[in-house]
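Okay, so here's the structure we're looking at.
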Ligand code: ANZ
């Protein structure tokens with residue numbers, strides 16, 4: 001063992017050992033409890049950023065800890081390898097998206113290895129590989145067969161100059177990212193999966209997710225958008241037809257001044273057959289090539305049908321309008337419009353000069369002039385509502401419901417805002433959608449025997465990427481049953497790949513099907529999932545949805561894929577800027593700035609290398625745009641992976657933001673050096689280790705054991721129950737400091753030192769595995785720590801040794817008394833009051849009050 005702690009050497013050595021010995025390779029083992037620890041898979045953007053390092057460190061600490069509890073731990077990693085940046089890089093560098101992607105993966109894999117993460121590398125998944133996406137295509141075809149997939153026209157961003165569809169991220173302030181032309185909104189046919197069929201279970205099953213952050217569950221709930229209301233039928237005048245509407249506010253029914261239906265509603269279509277103006281209006285809604293602003297501006301357009309509905313209570317006639325603000329796919333596609341109390345109805349009524357009637361009292365506004373100028377969405381006391389006047393919301397709802405039941409069809413209804421999942425992307429670099437169009441226009445799935453449908457890998461693809469001409473490209477022509485067909489040119493949304501990878505990790509090489517039932521039964525559900533809060537809605541929704549699909553196809557069990565979820569906080573760092581010529585902020589990296597700080601560590605002055613003043617913008621999320629990223633690689637080179645890992649886990653609770661601070665990193669480095677030195681000095685001493693009889697120990701020794709076991713108890717609880725890693729680490733640090741002060745005066749002391757070091761190294765192993773690997777080896781005759789168990793505290797050592805308490809009377813020190821350890825507060829008071837020394841001092845006087853400072857002072861007020 002070297003005298004000096006040299007992280008670089010030991011980390012490379014230990015990583016090699018793990019790699020050669022496949023230490024973290026796992027397989028199903030029914031004799032062992034399993035633990036599936038899953039960090040969200042990275043996008044291979046080029047190199048790791050600190051956010052990645054934090055995510056993967058948290059996961060690794062948990063995985064290693066669970067392993068020490070004796071569980072069979074699966075911690076896999078892979079690459080979410082399809083996506084837009086690869087196309088952009090390909091155009092820029094005149095290469096193929098695949099070469100850019102694979103180059104990045106290679107580099108980032110090395111970076112992950114250099115951080116010592118305990119992955120089972122044999123399970124690495126790269127989602128752009130045909131072995132993986134073949135099964136995604138296969139499953140899509142199964143969904144298609146079960147009618148869970150359909151094609152319909154849907155809006156996309158269209159660049160009229162480049163003649164290509166743009167992803168939302170490629171639209172910057174309404175313009176194309178490449179040529180700056182104003183983008184248009186266009187309708188094209190696209191593929192959808194019916195996630196709405198699962199809206200109810202996606203909503204209800206959130207209740208099962210006891211160990212998910214409330215914030216995430218709420219975000220999911222809002223996205224699903226469950227609405228409880230009523231479906232009511234309105235009769236149409238002079239017709240036997242009815243119009244069904246959905247409302248959440250039947251209490252406002254007396255304020256209905258018109259009925260609005262979507263241009264795509266069945267009734268609109270029916271009317272348009274005889275009404276040319278209406279037909280034209282609907283056609284415009286369908287085909288108009290508008291910019292986003294134009295769309296927004298034209299939102300409250302409509303047409304009066306000159307047909308009337310009958311109000312179910314007043315029996316008065318109310319006009320029916322076709323209105324483009326009514327969403328066809330929501331509720332019934334038509335609404336009873338109450339412009340006095342609903343914002344959309346209000347906007348439409350104002351634009352089209354329709355009647356506005358207020359039926360809810362606006363208690364807080366006295367000036368009626370003001371009242372009329374706007375809508376009032378709150379619930380309250382009914383007015384202008386005939387027999388329902390003066391009722392509050394609850395009573396009005398009940399009474400109106402009863403009345404409506406007598407007059408018309410009304411039923412309670414629950415609807416969801418969640419829209420079906422559009423999985424078509426008009427991009428090259430994605431999983432090809434396994435569908436084709438035959439010459440006669442029929443759309444068919446690619447035969448399963450022909451899967452995977454591969455991406456055409458020819459140099460033409462640079463053209464493909466640059467514009468939409470690939471639609472005609474010959475490389476998408478195929479044969480189905482000996483007939484020519486054109487393959488679907490769209491690819492899957494990349495959320496498809498990240499929706500089922502967790503299940504494929506259980507059997508990444510399984511060739512007979514999408515998922516090996518034996519492997520998935522053993523490993524699933526995921527015990528711990530770790531990722532960023534930015535995935536709270538979309539990814540986690542599709543992930544949960546896909547699991548339910550897989551469950552219904554009997555590939556997996558359980559309703560939910562993940563039991564525990566951690567969303568780690570952001571990584572922040574200091575950001576600096578100067579104001580540029582056009583008043584823009586030019587962000588400057590900290591490494592190019594001279595900084596002056598006061599004693600409190602606050603920045604008082606900052607200058608660039610030329611001496612020009614720089615403005616400090618505070619701690620901001622690390623990002624390229626703010627030029628405040630810290631390179632993980634640089635940090636690892638300077639301090640070693642163990643220091644970085646420990647700093648990340650120590651500097652903040654996992655779900656809070658972490659402020660990157662290099663002096664903090666240095667502090668951790670010093671701590672590890674101290675531990676190395678302490679271990680080194682002990683290892684130099686040759687002595688015979690023996691088991692110790694606690695009862696024969698002196699006070700100093702008993703106390704050391706007490707501190708050691710108290711720390712083990714606290715650290716175990718912090719990690720397993722509280723997931724509070726930062727407090728766990730600070731306890732270990734305190735223990736190390738106590739141990740440094742523990743003088744080795746006899747043989748027992750040396751044994752106690754060894755016992756303590758062994759526990760410390762075990763407790764630190766999940767955080768700083770390389771250092772612990774080496775220390776363990778040297779401390780334990782070349783043994784390996786990787787299969788060691790987590791230390792167990794022993795209750796008998798938790799019994800504290802005697803405390804010496806200062807006894808005060810009326811605030812003055814009168815004596816000291818030795819109190820046996822482990823007494824309760826009440827028992828301590830009785831013990832003191834019964835002692836003869838105390839009784840002499842107090843002389844039978846009455847005690848009015850006792851003030852107690854634990855383990856230090858008792859003050860008796862007499
Ligand atoms: C009358 C009313 C009065 C409404 C009032 C609201 C407030 P949430 O809670 O978001 O589900 N609505 C129903 N279907 C619609 C559609 N297809 N397109 C546009 N709007 C639609 O909203 C439910 C309310 O949204 C419904 O209740 C309906 O307006 C409107 F003071 O009915 B309400």
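The values are calculated or read from the model by the stated rules, or taken from the named source; none is laboratory data. Note that the structure is a prediction, hence the values are computed from the model and not measured. Cβ sites come from the backbone with ideal geometry, for glycine too, and all protein chains shown count toward neighbours.
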*Hey, can you tell me all the residues within segment 29-48 that are assigned to a loop (DSSP other than H, G, I, E, B), at pLDDT 95 or above and farther than 17 Å from residue 124 by Cα?*
29, 30, 31, 32, 33
*Which pairs do you get when a residue that is on the phi > 0 side of the Ramachandran plot, found in segment 485-511, comes within reach of a residue that is modelled with pLDDT of 95 or more and part of a helix (DSSP H, G or I), reach meaning Cβ atoms under 9 angstrom, with the pair 6+ apart or on two chains?*
none
_Filtered residues of segment 512-528 (kept if free of Cβ contacts under 8 Å to residues at least 40 places away in the same chain and buried (at least 19 other Cβ atoms within 10 Å of the Cβ))_ = 516, 520
_Among the residues of segment 16-24, are any within 26 Å of the chain's Cα centre (by Cα) and in a helix (DSSP H, G or I)?_
no
*residue 581 surrounded by 14 or more Cβ atoms within 10 Å (Cβ to Cβ) and more than 15 Å from residue 609 (Cβ to Cβ)*: no
*asked:* Regarding segment 238-249, can at least one residue be identified that is in a helix (DSSP H, G or I) and either out of contact with any strand residue (DSSP E or B) (no Cβ under 7 Å at 6 or more places or on another chain) or within 16 Å of the ligand (Cβ to nearest atom) (or both)?
replied: no
*Give the residues of segment 529-547 that are surrounded by 21 or more Cβ atoms within 10 Å (Cβ to Cβ) and either without any contact (Cβ under 8 Å) to a residue 60 or more places away in the chain or within 14 Å of residue 515 (Cβ to Cβ) (or both), sorted by residue number.*
543, 546, 547
*Is there any pair with a first residue in segment 321-342 that is at positive phi and at pLDDT 95 or above and a second that is part of a loop (DSSP other than H, G, I, E, B) and more than 7 Å from the ligand (Cβ to nearest atom) whose Cβ atoms are under 8 Å apart and which are 6 or more apart or on different chains, and what are they?*
333/264; 333/265
*Unique match (being free of Cβ contacts under 8 Å to residues at least 40 places away in the same chain, surrounded by 15 or more Cβ atoms within 10 Å (Cβ to Cβ), touching a strand residue (DSSP E or B) at 6+ places or on another chain (Cβ under 9 Å) and farther than 30 Å from residue 197 by Cβ) among 603, 615*: 603
*Residue ID - nearest to residue 337 (Cα to Cα), chosen from residues in segment 371-390 that are free of Cβ contacts under 8 Å to residues at least 40 places away in the same chain and touching a strand residue (DSSP E or B) at 6+ places or on another chain (Cβ under 8 Å)*: 376
*Considering 494, 489, which residue is more than 30 Å from residue 619 (Cβ to Cβ) and either surrounded by fewer than 22 Cβ atoms within 10 Å (Cβ to Cβ) or in contact with a helix residue (DSSP H, G or I) (Cβ under 6 Å, 6 or more places away or on another chain) (or both)?*
489
*Could you look through segment 455-481, keep only residues that are part of a loop (DSSP other than H, G, I, E, B) and surrounded by 12 or more Cβ atoms within 10 Å (Cβ to Cβ), and pick out the one that is modelled with the lowest pLDDT?*
467
*For segment 289-307, which residues satisfy the criterion of being at pLDDT 90 or above and within 16 Å of the ligand (Cβ to nearest atom)?*
300, 301, 302
*Residue check for residue 230: farther than 29 Å from residue 394 by Cβ, in contact with a helix residue (DSSP H, G or I) (Cβ under 8 Å, 6 or more places away or on another chain) and within 13 Å of the ligand (Cβ to nearest atom)*: no
_Filter segment 77-116 down to the residues that are assigned to a loop (DSSP other than H, G, I, E, B) and farther than 18 Å from residue 52 by Cβ and list them by number._
82, 94, 95, 96
*Inspect segment 843-859 for any residue being in a helix (DSSP H, G or I), modelled with pLDDT under 90 and surrounded by 11 or more Cβ atoms within 10 Å (Cβ to Cβ) and give the result as yes or no.*
no
*So which residues in segment 250-264 are buried (at least 21 other Cβ atoms within 10 Å of the Cβ) and within 40 Å of the chain's Cα centre (by Cα), if there are any at all?*
251, 252, 260, 261, 262, 263
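To keep it simple, each residue is scored yes or no on (1) at positive phi; (2) buried (at least 21 other Cβ atoms within 10 Å of the Cβ); (3) assigned to a loop (DSSP other than H, G, I, E, B); (4) touching a helix residue (DSSP H, G or I) at 6+ places or on another chain (Cβ under 7 Å).
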position: 773; (1), (2), (3), (4): no, yes, no, yes
position: 777; (1), (2), (3), (4): no, no, no, no
position: 783; (1), (2), (3), (4): no, no, yes, yes
position: 787; (1), (2), (3), (4): no, no, yes, no
position: 797; (1), (2), (3), (4): no, no, no, yes
_Given (1) in a helix (DSSP H, G or I); (2) over 21 Å from residue 538 (Cβ atoms); (3) within 16 Å of the ligand (Cβ to nearest atom); (4) in contact (Cβ under 8 Å) with a residue 60 or more places away in the chain, index of the condition residue 223 fails_ = (2)
*Mind checking which residues of segment 308-332 are touching a strand residue (DSSP E or B) at 6+ places or on another chain (Cβ under 9 Å), near the ligand (Cβ under 9 Å from one of its atoms), part of a loop (DSSP other than H, G, I, E, B) and within 25 Å of residue 374 (Cα to Cα)?*
325, 326
*Which residues, taken from segment 712-749, are touching a residue at least 60 places away in the same chain (Cβ under 8 Å), touching a helix residue (DSSP H, G or I) at 6+ places or on another chain (Cβ under 8 Å) and part of a helix (DSSP H, G or I)?*
712, 713, 719, 720, 725, 726, 729, 730, 733, 736, 739, 740
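Per-residue answers, yes or no, for (1) out of contact with any helix residue (DSSP H, G or I) (no Cβ under 7 Å at 6 or more places or on another chain); (2) under 30 Å from residue 9 (Cβ atoms):
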residue	(1), (2)
70	yes, no
87	no, no
106	yes, yes
119	yes, yes
127	no, no
139	yes, no
145	yes, no
_Looking only at segment 548-573, filter to residues that are in contact with a helix residue (DSSP H, G or I) (Cβ under 6 Å, 6 or more places away or on another chain) and within 25 Å of residue 52 (Cα to Cα); which one of those is surrounded by the fewest Cβ atoms within 10 Å (Cβ to Cβ)?_
567
*Across segment 256-288, what is the number of residues that are in a helix (DSSP H, G or I), within 16 Å of the ligand (Cβ to nearest atom) and within 16 Å of residue 308 (Cα to Cα)?*
2
*Working only within segment 399-454, note down all residues that are in a strand (DSSP E or B), in contact (Cβ under 8 Å) with a residue 60 or more places away in the chain and either surrounded by 15 or more Cβ atoms within 10 Å (Cβ to Cβ) or more than 16 Å from the ligand (Cβ to nearest atom) (or both).*
410, 413, 415, 416, 421, 422, 424, 425, 432, 435, 443, 445
_I'd like to check which strands (runs of 3 or more DSSP E) are fully inside segment 538-638 and have at least 1 residues that are within 24 Å of the chain's Cα centre (by Cα)._
562-568, 571-579, 615-621
